[in-house]
Amino acid sequence: MASDFNQFVFFIEVLKSLASQPRYRKDLTEQLELFLEQHQQPADDVAQKLTRTIRKLRDCGFEIESAPHRPYVLKKSNFPVILSADQRQALYLATHLLEQMGFSQQAGQLQDICPLTEGDRPTYLQADFNPPVDYSDTKTKEIIINLQKRLETACRFTIRYRNSLGDEALWDLDRSELRLHNGSLYLFAYVPDILTQRIQKRPNIEQNVLFRIDRILSVNPSSNIHWLLSSFPTLKVQYRMTGSLSSYKPRRHNEMIIRRNVEQQYVDIETNEDCLFWFRQRILQYGANVQILTPPWLHQEIVEEHLKAAQTVQALAQTQ
């Protein structure tokens, strides 16, 4: 093991550690001492080795911040990366999608990994996303940054939000996270004090609320009250897919097949959902090929939605 050790191995270990999270000099030194002992190397001058290594890494293009009483922070790497043609095409596609969704800063960070040209554009796949919000807008970026800071504290905080009707209200939020759905970014949060209509036992899925990022007016400081929940409340739903959808195979981690009948062409799925709004949207887009089995109240709501849609289509047909 000792004969296989060289300076490059030590450099890589420092980079791996800083890439995982910021490290104070004392903590990083102790970690490297253990690393050297495991490789049967002398560990008596680790602090000096670390100082020289940080200096050399900076010379190689790694932007590493440091200051007295502050941790080492790996901010950026300009070190050249060698990628295969397939990897360059995959990186080009990811960059292109981020740009079209409005995440220009994140797209630029991918570009820094490896300069890309039109020659790297995949010929087999085209993407066209036009999100309703430009997330590079100064105000929106500020909201997102503030939300990220609040989420890091894992403490309750409030936001001022304007809904689709133009009404403004202050919302007190518990467990929260940012979610990207169909090209739009949302704040998904558990609201302890919200009134629920269908389920009386708390916490329940009706207390999980979606907030569009572009409608958040302000984000207030975190409180000293830690989140009540370690995970979002969910709802167990069983539904049946028939006809052309009877061959459906679960591709979401929260879904499982509970029965399948090839002759009668149906498959029953059980799922645990934490966002009722998005689940309803997905079920409704399947049309008559999906039927909710349980809970009964959700089955009835989906039936009523289909009836409303049919009545709307019929009314439009009569006016033509």
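The values are calculated or read from the model by the stated rules, or taken from the named source; none is laboratory data. None of these values were measured; they are calculated from a predicted model. With ideal geometry, Cβ positions are generated from the backbone for all residues, glycine too; neighbour counts draw on all protein chains shown.
Values as computed for the structure displayed
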{"item": "Sole residue being part of a helix (DSSP H, G or I) and among the acidic types (D, E), chosen from E33, E63", "result": "E33"}
{"item": "Exclusive hit being free of Cβ contacts under 8 Å to residues at least 60 places away in the same chain, farther than 30 Å from V237 by Cα, out of contact with any Asp or Glu (no Cβ under 6 Å at 6 or more places or on another chain) and not in a helix (DSSP H, G or I), set A169, A189", "result": "A169"}
{"item": "Selection count, segment 242-258, where residues are touching a Lys or Arg at 6+ places or on another chain (Cβ under 9 Å) and either exposed (fewer than 11 other Cβ atoms within 10 Å of the Cβ) or of a type in the set (K, R) (or both)", "result": "0"}
{"item": "Condition met for R282 (assigned to a loop (DSSP other than H, G, I, E, B) and modelled with pLDDT under 95)", "result": "no"}
{"item": "Set A189, A154: member being outside the structural domain of Q265 (by TED's automatic domain parsing) and in contact with a His (Cβ under 7 Å, 6 or more places away or on another chain)", "result": "A154"}
{"item": "Those residues of segment 207-232 which are of a type outside the set (F, W, Y), surrounded by 18 or more Cβ atoms within 10 Å (Cβ to Cβ) and within 27 Å of W297 (Cα to Cα), in sequence order", "result": "Q207, N208, V209"}
{"item": "Residue list for segment 33-64, restricted to those being of a type outside the set (K, R), surrounded by 16 or more Cβ atoms within 10 Å (Cβ to Cβ) and either closer than 24 Å to N78 by Cα or in contact with a strand residue (DSSP E or B) (Cβ under 9 Å, 6 or more places away or on another chain) (or both)", "result": "L50, T53, I54, L57, F62, I64"}
{"item": "Residue under evaluation T196, criteria (1) in contact (Cβ under 8 Å) with a residue 24 or more places away in the chain; (2) in the same structural domain as N163 (by TED's automatic domain parsing), criterion not met", "result": "(1)"}
{"item": "Subset tally (residues that are closer than 28 Å to Q281 by Cα, surrounded by 15 or more Cβ atoms within 10 Å (Cβ to Cβ) and not hydroxyl-bearing (S, T, Y)) for segment 142-161", "result": "5"}
{"item": "Residue satisfying condition, being within 16 Å of the chain's Cα centre (by Cα) and more than 18 Å from C275 (Cα to Cα), within set L151, L180, L187", "result": "L151"}
{"item": "Residues being among the hydroxyl-bearing types (S, T, Y), more than 25 Å from I199 (Cα to Cα) and touching a strand residue (DSSP E or B) at 6+ places or on another chain (Cβ under 8 Å) - total across segment 238-286", "result": "6"}
{"item": "When residues of segment 90-134 are limited to those that are hydroxyl-bearing (S, T, Y) and outside any helix (DSSP H, G or I), the one modelled with the lowest pLDDT", "result": "Y124"}
{"item": "Count - residues of segment 287-303 that are without any contact (Cβ under 8 Å) to a residue 40 or more places away in the chain and surrounded by 10 or more Cβ atoms within 10 Å (Cβ to Cβ)", "result": "6"}
{"item": "Number of positions in segment 11-26 that are more than 16 Å from F79 (Cβ to Cβ) and touching a residue at least 40 places away in the same chain (Cβ under 8 Å)", "result": "4"}
{"item": "Qualifying residue in segment 138-152 (condition: part of a strand (DSSP E or B) and not charged (D, E, K, R))", "result": "no"}
{"item": "Residue check, Q264 among the polar types (S, T, N, Q) and either under 22 Å from N208 (Cβ atoms) or in a loop (DSSP other than H, G, I, E, B) (or both)", "result": "yes"}
